[in-house]
1. Would you say A:Ala216 is part of a loop (DSSP other than H, G, I, E, B) and more than 13 Å from every other protein chain (Cβ to nearest Cβ)?
2. Cβ-Cβ below 9 Å, separation at least six or inter-chain, first residue in the stretch B:239-257 and more than 10 Å from every other protein chain (Cβ to nearest Cβ), second assigned to a loop (DSSP other than H, G, I, E, B): which pairs?
3. Among the listed residues B:Val112, B:Val59, B:Val92, which satisfies the condition of being on the phi < 0 side of the Ramachandran plot and away from chain A (no Cβ under 12 Å)?
4. Quick one: A:Gly258 ticks every box in (1) at pLDDT below 90; (2) within 13 Å of chain B (Cβ to nearest Cβ); (3) closer than 30 Å to B:Tyr119 by Cβ except a single one, so which number is it?
5. Working only within the stretch B:26-45, note down all residues that are assigned to a helix (DSSP H, G or I) and either within 8 Å of chain A (Cβ to nearest Cβ) or among the polar types (S, T, N, Q) (or both).
6. Restricting to the stretch A:102-154, count the residues that are over 20 Å from B:Ser23 (Cβ atoms), without any contact (Cβ under 8 Å) to a residue 12 or more places away in the chain and part of a helix (DSSP H, G or I).
7. Sort out which residues of the stretch A:179-211 are more than 18 Å from A:Ile133 (Cβ to Cβ) and crowded, with 17+ Cβ neighbours inside 10 Å, and write them in order of number.
8. Write out, first by first residue and then by second, each pair whose Cβ atoms fall under 9 Å of each other, whose residues are 6+ apart or on separate chains, and whose first residue, in the stretch B:111-124, is within 16 Å of B:Asp151 (Cβ to Cβ) while the second is outside any helix (DSSP H, G or I).
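The values are calculated or read from the model by the stated rules, or taken from the named source; none is laboratory data. No experiment lies behind these values; they were computed from the predicted model shown. Note that we place each Cβ from the backbone using ideal geometry, even for glycine, and neighbour counts take in every protein chain shown.
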Amino acid sequence: MEPAKSILPQGQVKPRRFWSPRRKEALVGWLFLLPEIAGMLLLNVFALLFSLYLSFSEWDLLSGIKGIKFIGLDNYAKMFQDEAIGQALKNNLLYTVFTVPVSIAVALVMAVLIHSKVYGKDYFKVVFFLPYISSIIAIAAVWSALLHPSLGPVNQFLLELGITNPPKWLVDPKTSLLSIALISTWAGIGYTVIIYMAGLTNIPADLYEAADIDGASSLQKFFKITVPLLRPTTFFLFVTMLIASFKVFDIIAFLTEGGPHNSSTVLVFRIYEEGFRNYNMGYASAISWLLFAIIGILTAATWKMRKEDAA
Amino acid sequence: MFAQQLKKNASKIIVTAIMGALSIFFLVPFIWMVSSAFKFENDVMRFPIEWIPETINVVYNFKAVWMGNVPFYLFYWNSIKVALTVTLITLVFSSMAAYSFTKLQFKGRDLVFLLLISYMIIPAQATLIPRFMLIRWMGLYDTHAALILMDMFSIYFTFLLRQFMLGVNNDFIEAAKIDGAGYFRIFWSIMLPLCRPVLATVAIIKFIWTWNDYQNPLIFLLDKKLYTIQLGMALFRDDYTNNYAIMMMASLSAIIPLLIVFVILQRQVINGIALGGVKG
């Protein structure tokens, strides 16, 4: 630290430069990170803490910031007695069960077939991916017309086939959630197929050649080579789809608004309804934390599964 | 040998036929949508379906959608404006952060990165209420700025770009430093050009996601003149509850720009989706 000053020829003393290259690099580094850090602080850190605080409060938004009233655990207590929340939880679970396993199984078979055994691979990739790229709202509008209970082409077709009492799809509480699950599976399966196809290109071809020499059948190859080697892809898809299925909102908000009679309501729709229609900001925040807790637990559980799987 | 080849080809033809049949199931709703958009309302639900309409009412439907009360071109303009702005800002912010995370050395860098990706698991849906409050306090409720602010930070794309930049050879950067280039120069004239393919992918996918978003416009917009296309669709649904011809024209109009982007850039879109996988 001694030569902190240098003597200039004229005899003036020049202080050591504060902006050493290392400091300058650090400053630039933080500057480049600044927008993302600001975004994180505002939209994640602050938002999360504020919603935690609100979840213990009663607040109708219109009364302004002073109207926030601390009420302890009341919102959470209310949540456990709220039938709509129970229904939403049940629907979220059912929706997951309807969509995730089917999508994964069907997409895997489709991907394997497209990958190795068809002419016109690109055509299939594009066609199956078309609904995913299109907006879910436009897709939902088309399907709601197709599934119209009395006039829709789907039911007209079923009547033609001799089915006298075709399901009423979106307007019947018994089938509304299932219909939504069907539409979103149809719309999302192209994504799953594409991810599986990416996974398939990583399986070395000589494994299949060796199996051919041993006289393995196609089914044997599928179950003994393809399925086990695609395990990481399947795991990745399972986790992301599981979490995504708990975030479902757009299609439900557009098609059924959770109805009829809450038969297709889900947690995010409850948050929307309580927060932005009834202005129960505190209660909506408590539901948000329920959602956050569920997603947190699911994420942690699946990561643990994966670690054990790898060990 | 020949018999085996024949057998292989036969099975390939059969599988292609089965998949071809399945692909019809994915195309038919689109074909029905296009065909209905050209029809008179009375013909839309006629059964058996007239795939090629005998009488065409496309001009009327088109006018109803594009020149109605709240015309579609307004929604179009709003969607384009929001999606383009969000995409551009995301590209800048995410690539800046990725550059800092990969090519600059300083204390705390890796900690920030860890924090950032751990926040990736927070679902935006769980912070809707505080986000809404923030927007109101900032006086941005019912503006496009609200949508832009909500979407312009992307931890996910930062992560994706970081992965790519990790692979960029440091020799280029060292050479530029010796030539006297500063950090901004290196970022702008070396890093970004080298990342062009991945930046294009990020841009396309971010654009599509923003274009298709329904939740944020639903919560942050009130004035119909500010509606994006997806929200405009909801307006049409309410205004033309049982007019399916007009609804299908609206759906077609909402999808068409993305279809064009997709058909032109299909390889990039598909690879981009496969690249990182996660949506969000």
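1. Here the answer is yes, as A:Ala216 does meet what is asked.
2. Matching pairs, first to second residue: B:Asp239/B:Gly68; B:Asp239/B:Asn69; B:Asp239/B:Val70; B:Ile246/B:Gly68; B:Ile246/B:Tyr240; B:Met249/B:Phe38.
3. Result: B:Val59 is the single residue among B:Val112, B:Val59, B:Val92 that is on the phi < 0 side of the Ramachandran plot and away from chain A (no Cβ under 12 Å).
4. For A:Gly258, the failing item is (2).
5. B:Phe26, B:Leu27, B:Pro29, B:Phe30, B:Trp32, B:Met33, B:Ser35, B:Ser36, B:Asn42, B:Val44 - these are the residues of the stretch B:26-45 that are assigned to a helix (DSSP H, G or I) and either within 8 Å of chain A (Cβ to nearest Cβ) or among the polar types (S, T, N, Q) (or both).
6. Of the residues in the stretch A:102-154, 1 are over 20 Å from B:Ser23 (Cβ atoms), without any contact (Cβ under 8 Å) to a residue 12 or more places away in the chain and part of a helix (DSSP H, G or I).
7. A:Ser179, A:Ile180, A:Ala181, A:Leu182, A:Gly199, A:Leu200
8. B:Met120/B:Val278; B:Met120/B:Gly280; B:Pro123/A:Lys247; B:Pro123/B:Gly280; B:Ala124/A:Lys247; B:Ala124/B:Gly280
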